[in-house]
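Remarks on the structure that follows.
The values are calculated or read from the model by the stated rules, or taken from the named source; none is laboratory data. Treat the numbers as computed from the prediction; the structure is a model and nothing was measured. Note that we place each Cβ from the backbone using ideal geometry, even for glycine, and neighbour counts take in every protein chain shown.
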Amino acid sequence: MRLRLFVTAASAAITVTASPLAVPEQLPMNAGLDFHTNAKEAPRKLTGKFLHITVKVAGQTLTAHEDLHLDRFYVPGSLTEDDEACHHGDGTAGYLGSPGSECDSPQLLIDQTFDWIDENLRDKIDFVIWTGDSARHDNDERIPRTENQIEEFNAAIANKFLEVFSHRDEHPNGALTIPIVPNIGNNDVMPHNIFEQGPNRWTQKLYQLWKSFIPEEQRHTFLEGGWFHVEVIPNKLSVFSLNTLYFFDSNKAVDGCAQESEPGYHQMEWLRVQLQLLRERGMKAIIMGHVPPVRSADKQAWDESCWQKYTLWLHQYRDIVVGSLYGHMNIDHFTFQDTEDVDIDCLLRGESVAPFVEENNYENFTVQSKTSYLSSLRDLWGALPSPPSSVLKDEWSFLEDDQIDTTKKKSKKKKEKEKFFKKIGGEYAERFSLSLVSPSVVPNYYPTLRVVEYDITGLKQTPTWADTQVHRNGNDKNQPWAEREIDIQKKPKKSPIPDPPAKSAPPGPAYSRQPLSFLNYAQYFANTTQAEKNIENAENGTLSKVLQLHYELEYHTAEDDVYKLPDLTMPSIYNLATKIGQGVSSSSSSSHMSAPKDSDENNARKPGNKNKKKKNKKSKKSKSNKAWEGFIERAFVGFLTMDEIENKL
C-alpha cells in the first residue's frame, strides 16, 4: 500500500491515506446529504455550550457524550434476562426501556430523546460530540446481529441528528446548522470489538453513512483508519474523533501502538502532527473517543503502549488540549492519566509494553465489577497528596474562610506549597491529564444527556462553523481549504517524543481558566420508571401521549452541594478526586499514581509507621464521605442507592 500525505491550507491538516482507494457507491441507508450544502438561515452566534451524547439503540444509551444502542427488535412486556434481551416471552420490559437490565434502547426511547433535544437544546448549543455505539448488542442467539442491521441502526441515528440539526427552510433534512462529530463504537462494527487495519469495509460503510458530518478535507483520513477532526470553531477549536478501537485491548485484529506496522501507531503519529499544527496556528483541541483510557488496579481498557503514548502526547500538548471526552462504559465518572507512569525510554526504543493489569476482567463488566472499578479509582485518589490548606486558600480557593487555618506563618505556608506543587507537577497539577466519561441513553440505568459549558470570553463575535459552510463548494482547488498533495520524503523524520510547550507559554485551557476552558456540565436524566407508571391510566391509542419522556436536571457541577466545582480545570478536578479518596485505608491504596517515594504519604503506608493508626481511624469514617457517596451514586445515574451499591463492594 503506497502512502501519501495531504495538507489543507485552511487547516494545515496532514493526513495519511492510501492511493488509490475506491469509494463505494451510496448505500441504500445513506444518511448522506452533502456536508457543504448551502444554507439560507442566518447562522447563530456562539452559545458556549455543546452536547455530549452516546446513543445506544436497544441496550445502550444516547447522550452528548453517551451511547444509544438502538434495538428495533425490542418488545415491551418481554423478559429482561440476559439471554432474552427484551425480545421474547412475558416479562417486565418497559415501553421506554428496562433500567437495571442489559436490554438495549427501544425505538420509542430514541424518538422521544431526539424530540426532547429538538425542543430544548437545538438552538442552544454550538456542536454535538457523539461518542458512538448506535447499534444493539449481539446478546440474543435467536436474533443474531447482521452487517445490514448494523448499517441500518447507524443510518437511523445519523438521520435523527440530521432531522434535528438541519436547516428547515426548504425541506426537513437541509444543511447542518452546527457540526456533529461522530465516533466509532465497538458495537458499530461486526464482529463487535474487532476493527481491522484500514481501509476496510467498515471505514467505507461508515464513511457513506456519516458523509454529512465529516469535512471533505478529512474524508481520506477517515477512509484510511476511521479517525478525523472538525474545526467546530474555525481557526479556534478543533474536535478530534479518535478511533479507539485501534487502542482497545479487546480488539484482537491489531497489536497496540508500538510498531510502525500497526494502525494504532499511525493514528498516534497523525494526532501528534495535527496537535503540533494547531500549536503553530494558535488553536486548541478537544479529544473524543468511544472506549476511554481507563487504567487502574482493577481494569485496563487500552493496550499499554497506546496508553503510554496518549498520556505523553496530552502532557506534551497540554497547552493545546482543552479536554478529553469518552463514553462506552455507561457509568458517569472521570479518570486521570499520570505522566509518572510513562516509560520514556521504552517509547524511544519503540518497544511493546507489558499490560498494566495482568488479569483484566474488563469484558465482564457487571454492576459488581463496575463498583469494584470505581473503588479502585478511589484507592488511587486516596494515595494522592492532598492539597494543604494554604494552597486551597491562596491558589485554588475551594474552601470556605472558616475552614482555613490562617494562623500559620508565611514561611511554613511557602514550604507547604512548594512541596505539594513539586509532587503534582506544579501549581496547575500538570503531572495529570483528565478524561471525562459520560453515561449513556441506553437504559442500563436511566437515560442520560450531558451539556458542557465552555468559556467564550472574547469569542462571541467569532465566525462560526456555519458561517464557513455557506460559501464552501469543496471543488475549487484554489480555495484555501482545497486539498494539496505533498511529498512525504521531503519531511524530516522527527523524534518520537513531541516537543513540550515553550517555557514561556502559559498553562493550557485544561489547567487554568481561559477562553475555551470547560466551565461546567449539566447532566440531564429521564426517570423512565416513573414514566411507565402512567401506563395504567392510558387508554387505547393514547399511549404515546401518556409516555412523553421528560429529561430533568440530575446535577450541575458548579451548583450542586456535592461537587461545587468552580470550573472543570485540573486543579478543580484534582481537589475533588482527593476529597473522594479521603478515608481510604492504607492497605487498599494502590502504589501507582501516588506521591514520590520519599513523600509523607508513602511513609504513612509503611508498616509500623506512627501515622498508620491515624490512617485507620480515617478509614472508619469512609462511609460518611459525602464526595465519595455522591460520586458513586451518580456513576449509576441515581438508579442504585448507596446501600445497594455498598452491597456490591
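General observations
- Whichever residue in the stretch 332-347 is farther than 20 Å from Glu633 by Cα and among the charged types (D, E, K, R) and, among such residues, is surrounded by the fewest Cβ atoms within 10 Å (Cβ to Cβ): Asp345
- Filter pass, Asn235 being under 30 Å from Asp123 (Cα atoms) and part of a loop (DSSP other than H, G, I, E, B): yes
- The set of residues in the stretch 301-337 being under 18 Å from Asn520 (Cα atoms) and among the polar types (S, T, N, Q) consists of Ser324, Thr335.
- Hey, Leu121 within 30 Å of Pro234 (Cα to Cα), out of contact with any Ser or Thr (no Cβ under 7 Å at 6 or more places or on another chain) and modelled with pLDDT of 90 or more or not: yes
- When the criteria are applied in full, Phe240 fails the requirement of being within 24 Å of Ala175 (Cα to Cα), free of Cβ contacts under 8 Å to residues at least 60 places away in the same chain and surrounded by 24 or more Cβ atoms within 10 Å (Cβ to Cβ).
- In summary, Trp307 fulfils each of the numbered conditions (1) outside any helix (DSSP H, G or I); (2) closer than 16 Å to Val353 by Cα with the single exception of condition (1).
- Inside the stretch 310-345, residues that are of a type in the set (A, V, I, L, M) and part of a helix (DSSP H, G or I) make up a count of 3.
- Subset of the stretch 436-476 [hydrophobic (A, V, I, L, M, F, W, C), within 26 Å of Ile157 (Cα to Cα) and either within 19 Å of the chain's Cα centre (by Cα) or at pLDDT 95 or above (or both)]: Leu436, Val437, Val441, Val442, Leu449, Val451, Val452
- Among the residues making up the stretch 196-209, a single one is touching a strand residue (DSSP E or B) at 6+ places or on another chain (Cβ under 9 Å) and at pLDDT below 95: Gly198.
- Residue under evaluation Met593, criteria (1) at pLDDT below 95; (2) buried (at least 18 other Cβ atoms within 10 Å of the Cβ); (3) of a type outside the set (S, T, N, Q); (4) farther than 21 Å from Lys423 by Cα, criterion not met: (4)
- Whichever residue in the stretch 422-435 is within 16 Å of the chain's Cα centre (by Cα) and either hydroxyl-bearing (Ser, Thr, Tyr) or modelled with pLDDT under 90 (or both) and, among such residues, is surrounded by the most Cβ atoms within 10 Å (Cβ to Cβ): Ser433
- Count - residues of the stretch 380-390 that are surrounded by fewer than 23 Cβ atoms within 10 Å (Cβ to Cβ) and either part of a helix (DSSP H, G or I) or in contact with a Cys (Cβ under 7 Å, 6 or more places away or on another chain) (or both): 2
- Residue match in the stretch 167-183 (condition: surrounded by fewer than 24 Cβ atoms within 10 Å (Cβ to Cβ), out of contact with any Phe, Trp or Tyr (no Cβ under 9 Å at 6 or more places or on another chain) and not in a loop (DSSP other than H, G, I, E, B)): no
- Near pairs, Cβ below 7 angstrom, 6+ apart or cross-chain, from the stretch 494-521 (in contact (Cβ under 8 Å) with a residue 24 or more places away in the chain and surrounded by fewer than 17 Cβ atoms within 10 Å (Cβ to Cβ)) to any residue that is polar (S, T, N, Q) and not in a loop (DSSP other than H, G, I, E, B): Asp499/Gln316; Pro500/Gln316
- Among the residues of the stretch 239-255, those identified as part of a loop (DSSP other than H, G, I, E, B) and not basic (Lys, Arg) are Leu242, Asn243, Phe247, Asp249, Ser250, Asn251, Ala253, Val254, Asp255.
- Any hit, the stretch 368-387, residues being at pLDDT below 80 and not charged (D, E, K, R): no
- Selection of the stretch 625-648 for residues being out of contact with any Asp or Glu (no Cβ under 9 Å at 6 or more places or on another chain), farther than 15 Å from Pro99 by Cβ and at pLDDT below 90 yields Asp643, Glu646, Asn647, Lys648.
- Taken over the stretch 256-289, the criterion of being closer than 18 Å to Glu224 by Cα and part of a loop (DSSP other than H, G, I, E, B) is satisfied by Gly256, Cys257, Gln259, Glu260, Ser261, Glu262, Gly289.
- Test: residue in the stretch 189-197 that is surrounded by 24 or more Cβ atoms within 10 Å (Cβ to Cβ), over 24 Å from Thr339 (Cβ atoms) and in contact (Cβ under 8 Å) with a residue 60 or more places away in the chain: no
- When the stretch 63-89 is filtered for residues that are out of contact with any Asp or Glu (no Cβ under 9 Å at 6 or more places or on another chain) and either of a type in the set (A, V, I, L, M, F, W, C) or at pLDDT 50 or above (or both), the ones remaining, listed by number, are Ala64, Val75, Pro76.
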